[in-house]
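Since the structure comes first, as structure tokens, the remarks are kept for the end.
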Amino acid sequence: MRSTGCVIVVSPIVLGLLALAGCGEDFATLEPKNPDRAADGLRFSRANQTTYELQDATARCTRLESTGTTLVVLAAHPAGQDDPALTLRVPDGLVGMRELPLKSPVKGAAALDVTLTAKDPKTGDPLTASRAPARGTMTIVEATCDPEPRLAVRIDGVLTTPQGRPEHVTGGLATLPE
């Protein structure tokens, strides 16, 4: 009787899948920080290279009696602080990209449809997105009051203090359902 040798070839893809299957709980560390949200937070970088992050946000809806507009208002709080470091107001249902500095959607109109106010939680300096030299983009992914208030935004830009000091902000933020 003749014996034949058998060679088993395993592709690198199969090896990778087998390795992941054996990782158990360690595999969870590869997932995003907050998988229940559409975004992982906003990262602010000051001119002196120090940074801070905003990851927790809440939303509420409010109706402006003067215009009849319903706004979705996002407030983001730094860890351990009660005062919001960022407040974003967006009309219910509005989505899309906005250039920074924010400008009125209708030439010559006084009001902005989207407003963004911020405050550096360490220095207390106000930050603006509506005056130059602010620059970059902000994309509103979701703004709704129904069935509950939700707002999701991505920002890649520069906000500035009244003294002109820049703070670069990048990332995304989304509110969690209550």
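State whether one or more residues within the stretch 88-107 are under 19 Å from residue 53 (Cα atoms), in contact (Cβ under 8 Å) with a residue 12 or more places away in the chain and under 16 Å from the mean Cα position of the chain (by Cα). Reasoning before the result, please.
As a first pass, look at the stretch 88-107 and keep what is under 19 Å from residue 53 (Cα atoms): 88.
Going one step further and asking which of them are in contact (Cβ under 8 Å) with a residue 12 or more places away in the chain, we end up with 88.
Those still in the list that are under 16 Å from the mean Cα position of the chain (by Cα) too: 88.
There is at least one residue in the stretch 88-107 that is under 19 Å from residue 53 (Cα atoms), in contact (Cβ under 8 Å) with a residue 12 or more places away in the chain and under 16 Å from the mean Cα position of the chain (by Cα).
Condition first: out of contact with any Gly (no Cβ under 9 Å at 6 or more places or on another chain), surrounded by fewer than 18 Cβ atoms within 10 Å (Cβ to Cβ) and not hydroxyl-bearing (Ser, Thr, Tyr). Now tell me which residues in the stretch 50-72 satisfy that.
60, 61, 63, 64, 65, 68
Listed here are the residues, each with its yes/no results for (1) part of a strand (DSSP E or B); (2) touching an Asp or Glu at 6+ places or on another chain (Cβ under 8 Å); (3) at pLDDT 95 or above; (4) closer than 21 Å to residue 70 by Cα.
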{"position": "123", "(1), (2), (3), (4)": "no, no, no, no"}
{"position": "156", "(1), (2), (3), (4)": "yes, no, yes, no"}
{"position": "168", "(1), (2), (3), (4)": "yes, no, yes, no"}
{"position": "173", "(1), (2), (3), (4)": "yes, no, no, yes"}
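Looking at the stretch 160-171 only, could you name the residues that are of a type outside the set (A, V, I, L, M), crowded, with 18+ Cβ neighbours inside 10 Å and touching a residue at least 60 places away in the same chain (Cβ under 8 Å)?
Scanning the stretch 160-171 gives a single hit, 167.
Just one of (1) surrounded by fewer than 17 Cβ atoms within 10 Å (Cβ to Cβ); (2) in contact (Cβ under 8 Å) with a residue 40 or more places away in the chain; (3) of a type outside the set (Asp, Glu) trips up residue 140, so point out which.
If we test residue 140 against (1) surrounded by fewer than 17 Cβ atoms within 10 Å (Cβ to Cβ); (2) in contact (Cβ under 8 Å) with a residue 40 or more places away in the chain; (3) of a type outside the set (Asp, Glu), just (1) comes out false.
For residue 83, state whether it is modelled with pLDDT of 65 or more, assigned to a loop (DSSP other than H, G, I, E, B) and among the acidic types (Asp, Glu).
Working: modelled with pLDDT of 65 or more: yes; assigned to a loop (DSSP other than H, G, I, E, B): yes; among the acidic types (Asp, Glu): yes.
When the stated conditions are applied, residue 83 passes them.
Let's see how each residue does on (1) closer than 16 Å to residue 169 by Cα; (2) in a strand (DSSP E or B); (3) at pLDDT below 85:
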{"site": "5", "(1), (2), (3)": "no, no, yes"}
{"site": "36", "(1), (2), (3)": "no, no, yes"}
{"site": "42", "(1), (2), (3)": "yes, yes, no"}
{"site": "52", "(1), (2), (3)": "yes, yes, no"}
{"site": "60", "(1), (2), (3)": "no, yes, no"}
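Within the group 121, 149, 84, which residue is surrounded by 13 or more Cβ atoms within 10 Å (Cβ to Cβ) and farther than 23 Å from residue 51 by Cα? Don't jump to the end; show me each part of the working.
Numbers: 121 fails: farther than 23 Å from residue 51 by Cα; 84 fails: farther than 23 Å from residue 51 by Cα.
None of the others qualify; the one that does is 149.
In the set 124, 157, which member is small (Gly, Ala, Ser) and touching a residue at least 12 places away in the same chain (Cβ under 8 Å)?
Values: 124 fails: touching a residue at least 12 places away in the same chain (Cβ under 8 Å).
The conditions single out 157.
The values are calculated or read from the model by the stated rules, or taken from the named source; none is laboratory data. Here the structure is a predicted model, which means the values were calculated and not measured. Ideal geometry is used to build each Cβ from the backbone, glycine not excepted, and the neighbour counts take in all protein chains shown.
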